[in-house]
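Since every read-out is calculated from the coordinates, none of them should be taken as a lab result. Everything quoted here is computed from the prediction, not taken from an experiment. With ideal geometry, Cβ positions are generated from the backbone for all residues, glycine too; neighbour counts draw on all protein chains shown.
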Amino acid sequence: MELSKKIYKKLYLIRQVEKAIQKYYNDNEMKTPMHMSIGEEAIVAGICSALDKNDQVFGTHRSHALYLSKTEETDMFFAELYGKESGINKGKCGSMHLFNHEFGFMGSSAIVGGNFSMAVGAAFANKYKNNNKIVVVFFGDGAIDEGNFWESLNLACLWKLPILFVCENNGLAVYTDEKTRHGYKNIDDIVGQFKCKIFKSETTDAREIYAITKGAIEIIKQDMCPCFMNLRYYRYLDHVGINEDFYLEYRDKNELNEWLSRDPVYQFRNKLLKEVECDVVTEIEKNINEQIEKSIDKAQQDSFCDEQELYRGVFYGE
């Protein structure tokens, strides 16, 4: 029961934060592009619930869900979206460059495939220090087309590093489907040729993903073997922005309806109601809704950084 409540808090927090972004974004006060996570909540909620606080994660340009699941904090998150000094990066980096080392969120990158080598480096450091930390690197299936993925996977397997590769697979690289991009049938078969363990699933149940992750962590720690997880999900909204994209006609809305019938948040809520009283669920939701509104109000009221701060931490020439 406690685990189910823990997971649902993450699921509901992610969904409500992104609904709030949709609500306020057109006010034109959030000065950053948005790559929304609605539809993929089960992956990050299940995985992060299986991790220790000190375990490290690396994200992509679409990392709202990962950041919120790993940290559960919203003050610095919204302040960054609003470009305010109290933001994670003092409002200078926006949605795609998040980090919070206190919770093991080592950073997200707007460069597709750019996080692999950093994650492998962190995993090597953890093995060298023998600190028992796991590294989890998240990426979309489009990043598999980058050479850095294969180089990083090869090195992780060669050196037997404590790392979990998680492919959040929606079958798309922006608007291009996998059949158009891939000269092979099955990524799992190819990755399986490396010295790592493969897990794959199309479940939208975060509890099932939690169980898969626990199994992967046990293999990583006991067998000193990297693991690869290929997890399917459906991106409800456009590649970038807060709206649907079906007017572009590159995918069928009937497919969305099928995934909506297995929505990760609503599905888990219904299961949780079989474990706990309705008041327990509504109290979780009430607290999260209040947390989000307070964070947004604070971010709107906070100040921007001064002009000199704009030049700190930035390389520039004459």
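Annotations for the structure displayed:
- Within-11-Å neighbourhood charge of Gly313 [Cβ basis; K, R +1; D, E -1]: +2
- FRET efficiency, 1/(1 + (r/R0)^6) with R0 22 Å, evaluated for Leu158 and His182 via beta carbons: 0.35
- For region 199-289, applying the loop criterion from DSSP together with a ceiling of 15 other beta carbons within 10 Å to the GluC sites (Glu not before Pro) yields Glu202, Glu244, Glu249, Glu275, Glu277.
- For the chain, averaging the sequence separation of C-alpha pairs within contact (under 8 Å, six or more residues apart) and dividing by the residue count gives a relative contact order of 24 percent.
- Cα-derived Rg to Rh of region 20-64, Kirkwood definition: 1.07
- For region 2-311, share of DSSP beta bridges that run antiparallel, in % to the nearest 5: 10 percent
- Distance violations [Cα-Cα > 27 Å] among Lys5/Lys294; Lys5/Lys160; Lys19/Lys90: Lys5/Lys160
- Dipole-positive endmost among Trp259, Ala211, Gly39 within the chain (Cβ charges, Cα centre): Ala211
- Distance between the 7 Å Cα→Cβ label points at Asn131 and Phe194: 2.3 nm.
- Screening the chain for whole DSSP H helices of 18 Å or more along their axis (Cα) with average Kyte-Doolittle hydropathy at least -1.0 returns 2-24, 116-129, 206-223, 278-301.
- For the chain, a simple Cβ point-charge model (Lys and Arg +1, Asp and Glu -1, everything else neutral) yields a dipole of about 1020 debye relative to the Cα centre.
- Under the simplified labelling scheme, the Glu255-Glu202 pair shows an inter-label distance of 1.2 nm, with each label point 7 Å from Cα along Cα→Cβ.
- Sparse-neighbourhood loop sites, trypsin sites (Lys or Arg not before Pro) in region 1-107 - DSSP loop, at most 16 other Cβ within 10 angstrom: Lys31, Lys53
- Evaluating kT/(6 pi eta Rh) at 25 °C and 0.890 mPa s, with the Kirkwood radius of region 144-251 over Cα pairs in the Stokes-Einstein relation, gives 159 µm² s⁻¹.
- Among the listed pairs Lys84/Lys286; Lys9/Lys298; Lys23/Lys127; Lys23/Lys253; Lys9/Lys84; Lys6/Lys84, a Cα-Cα separation exceeding 32 Å is found for Lys23/Lys127.
- The calculated pair-distance distribution of region 250-318 uses every alpha carbon pair, bins of 5 angstrom beginning at 0, and gives 3, 11, 11, 10, 10, 10, 11, 9, 10, 8, 4, 1, 0 percent.
- Volume per residue that the Cα convex hull of region 195-318 spans, once the total is divided by residue count, Å³: 271 Å³
- The share of alpha-carbon pairs in region 2-311 lying farther apart than 32 Å comes to 26%.
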